[in-house]
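S.K.: The structure follows.
The values are calculated or read from the model by the stated rules, or taken from the named source; none is laboratory data. Since the model is a prediction, treat every value here as computed from it, not as a measurement. Here the Cβ positions follow ideal geometry from the backbone for every residue, glycine too, while neighbour counts run over all protein chains shown. For accessibility, only protein heavy atoms count, side chains too; no ligands or nucleic acids. Shrake-Rupley method; radii C 1.70, N 1.55, O 1.52, S 1.80 Å.
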Amino acid sequence: MNEGMKTTTKKMVKEDEIFASCTFASLGLHATLCDELRDKMGFEVPTLVQAQAIPAILSGRHVLVNAATGTGKTVAYLVPIIHHLQKSDRRIQRADGTFSLVLVPTRELCMQVYETLQKLLHRYHWIVPGYITGGESRSKEKARLRKGISILVATPGRLLDHLKNTSSFLYSNLHWIVFDEADRIFELGCGKEVEEILDHLGSRKNIVNKDNGTSSFEFPQQNLLFSATLNEKVNCFAKISLENPIMIGLDAGNNALEFQPSEHGRFLGHDINDEAQPTRKEKNLIADYKIPTQLVQSYVQAPCASRLAVLFSVLKYLFERDCFEKTLVLFSTCDAVDFHYSLFGGFKFSSSESEPRSEHLFLKCKIFRLHGSMKPEDRRTTFQAFKSEKLALLLSTDIAARGLDFPNVRCIIQYDPPGEAIEYVHRVGRTARLGERGDSLLFLQPTEIDYLQDLRNHGVSLTEYPLVKVLDSFPVRGRKHFVEKFVSLESHSWIMFLQRAVESFIAAEE
Ligand SMILES: Nc1ncnc2c1ncn2[C@@H]1O[C@H](COP(=O)(O)OP(=O)(O)OP(=O)(O)O)[C@@H](O)[C@H]1O
């Protein structure tokens with residue numbers, strides 16, 4: 001973490017590393033839509049991924065986009081679809097049903113894409129956006145589908161449910177299917193669910209050649225896959241959902257990802273229709289993770305006995321010394337989020353045991369929590385509130401790890417490392433978006449330190465966080481801690497003092 005860096009909105013990378021030198025109009029977009037992007041969204045020029053993806057999608061071909069987190073992928077797929085819909089000779093009507101489907105892995109991301117759509121469609125009132133996602137009442141969703149939704153944003157499970165059970169869901173005019181966070185959707189949908197969706201939508205016709213009995217697929221719709229991380233799951237996904245796609249963001253230098261357009265297309269160095277799985281070596285060659293260059297990535301090694309006091313100390317340091325606007329802390333379970341939420345929200349502290357009266361809240365910032373076991377309404381209000389707060393702390397599970405665009409999140413703390421290394425990329429991608437500054441801190445217990453090597457295998461290297469300097473900055477009984485040589489975290493006077501205070505607070509609580 002850059003010590004004492006001012007929290008400015010100054011971009012940390014050169015503009016030409018984020019934005020293209022062309023205009024939205026030069027990409028072939030309708031003038032009104034370009035005006036909307038400028039006036040409603042404040043977007044003057046396209047980002048690099050938008051400059052490549054928008055013309056590719058306008059061409060009508062299938063497209064696979066691999067671009068770092070926070071580079072504008074959402075607009076990259078929404079805008080060409082809106083461009084085509086607004087220019088159709090006859091204005092589309094609700095009775096025409098759904099023309100485009102956007103599949104996303106979480107409810108919060110569903111709402112976020114829906115809100116972006118509402119802004120983009122401000123001048124196109126006849127193009128109706130909508131969403132269906134778990135946690136809503138199915139009957140309300142049925143009613144919305146019956147009326148007709150032109151561009152529908154949905155999570156896979158609930159979509160399949162309506163495809164099977166809502167006869168009034170009209171999608172005979174479906175032309176675009178977008179898979180945002182494609183690898184995650186495939187993982188969640190375990191492939192079968194997604195294949196069922198594609199088959200229900202008529203998006204994948206299995207053509208059997210009468211002469212030689214071979215089968216291939218025909219795709220009447222235009223399918224678009226987006227993700228910041230490519231892996232074997234996306235490879236399988238591409239196999240069942242893309243036909244000879246245009247590949248964007250795949251480094252030519254990484255031969256495992258070279259794409260040779262051919263009748264079926266090849267992907268990750270393999271013919272995507274080839275049943276043979278990539279060899280172990282080729283798997284290891286799968287893309288280096290695309291991490292924003294300006295992101296400062298650190299780790300801290302903290303044994304179990306002191307990691308809570310360390311987390312407390314780092315948060316206090318961030319909010320009181322570095323004035324970081326917003327911080328997101330990620331835990332592995334809902335219970336862990338709930339436990340730390342009640343602890344952080346209630347823990348009072350006095351810097352000297354002899355003056356208990358001077359107790360005050362240890363963390364002086366608004367604290368929110370977000371996880372899948374919360375009521376849908378609470379998830380929605382929390383999501384919106386954290387987005388609008390200026391100084392806040394969000395404790396969450398991986399529900400907040402992908403796609404969510406929280407303005408001014410300056411630091412991502414992973415208190416529990418993600419199960420899969422690939423989730424690391426998406427978690428840290430909640431900050432350092434679009435050239436903004438950002439920091440990430442990964443907590444590792446001594447037994448987890450090999451995780452760093454796993455990340456290094458994907459081109460990600462972390463520096464050690466200057467933890468002792470932070471701990472030494474907290475006075476104990478009015479005196480700053482100073483020892484010649486650091487022995488261990490457990491024996492640090494501040495950690496021992498804080499740990500005792502936390503334990504007695506927890507012991508006294510229901
Ligand atoms: N052309 C643009 N000019 C300025 N800001 C933009 C532009 N395009 C997108 N943005 C902003 O950049 C931020 C990131 O956009 P978006 O959420 O689409 O990124 P993403 O690539 O989908 O990220 P993730 O991989 O995390 O889903 C958003 O705040 C969005 O409003």
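S.K.: Kindly rank 51-64, 423-436, 396-409, 32-45 from highest to lowest mean number of other beta carbons found within 10 Å of each residue. Each step should come with its number before you reach the end.
M.R.: Values: 51-64: 20.6, 423-436: 24.1, 396-409: 22.4, 32-45: 15.5.
Ranking the peptides 51-64, 423-436, 396-409, 32-45 by packing returns 423-436, 396-409, 51-64, 32-45.
S.K.: Would you mind checking the radius of gyration and Dmax of the stretch 443-510 based on alpha-carbon positions, in Å?
M.R.: Final numbers for Rg and Dmax: 16.1, 46 Å.
S.K.: Considering only the stretch 69-216, what is the antiparallel percent among its DSSP beta bridges, to the nearest 5?
M.R.: Around 15 percent antiparallel, to the nearest 5.
S.K.: Shifting gears a bit: Taking 7 Å along the Cα-to-C-beta vector as the label spot, tell me the S168-K348 distance in nanometres, rounded to one decimal.
M.R.: With each label placed 7 Å out from Cα toward Cβ, I get 5.5 nm.
S.K.: Shifting gears a bit: On the protein heavy atoms, probe 1.4 angstrom, tell me the percent of accessible surface of the stretch 40-136 carried by carbon and sulfur.
M.R.: 51
S.K.: For E325, which sequence-distant residues (separation of 5 or more, or a different chain) have an amide H within less than 5 Å of its own amide H, given hydrogens modelled in the peptide plane?
M.R.: Distant-sequence amide H within range of E325: R410.
S.K.: Output needed: percent of Cα pairs per 10 Å distance bin for the stretch 384-505, bins running from 0 to the one holding the longest distance.
M.R.: 10, 33, 32, 23, 2
S.K.: Heavy atoms only, probe 1.4 Å: what % of the accessible area of the stretch 435-510 goes to carbon and sulfur, would you let me know? Please list the in-between numbers first.
M.R.: On the way: 2340 of 4250 Å².
Carbon and sulfur: 55 percent of the exposed surface of the stretch 435-510.
S.K.: Quick one: Karplus J couplings for the stretch 159-176, per residue in order, coefficients 6.51, -1.76, 1.60, θ = phi - 60°, nearest Hz, x for Gly and Pro?
M.R.: Residue by residue, the stretch 159-176 yields 5, 4, 4, 5, 4, 7, 10, 10, 5, 7, 6, 9, 9, 5, 9, 4, 10, 10 Hz.
S.K.: Let me ask something else. Just to check I understand the Karplus step: with θ = phi - 60° and J = 6.51 cos²θ - 1.76 cosθ + 1.60, what whole-Hz values come out for the stretch 47-59, glycine and proline as x?
M.R.: 6, 4, 5, 5, 5, 8, 6, 4, x, 5, 6, 4, 6
S.K.: Which of the residue pairs K40/K87; K14/K469; K326/K375; K73/K142 have a Cα-Cα distance greater than 26 Å in the structure shown?
M.R.: K14/K469; K73/K142
S.K.: Starting from the amide H of V102, placed 1.01 Å from N in the peptide plane, find each other amide H under 5 Å away whose residue is 5 or more places distant or on another chain.
M.R.: Close amide H contacts, sequence-distant or interchain: L152, V153, A154, V178.
S.K.: Between L225 and residues 5 or more places away or on another chain, which pairs have amide H atoms under 5 Å apart, with H built 1.01 Å from N, and which residues are they?
M.R.: V63, L64, V65, F179
S.K.: Another question about this same structure. If you plug each phi of the stretch 391-406 into the Karplus form 6.51 cos²θ - 1.76 cosθ + 1.60 with θ = phi - 60°, what whole-Hz ³J(HN,Hα) values come out, in order, with x for Gly and Pro?
M.R.: 10, 7, 10, 10, 9, 8, 8, 5, 4, 9, 7, 10, x, 5, 10, 7
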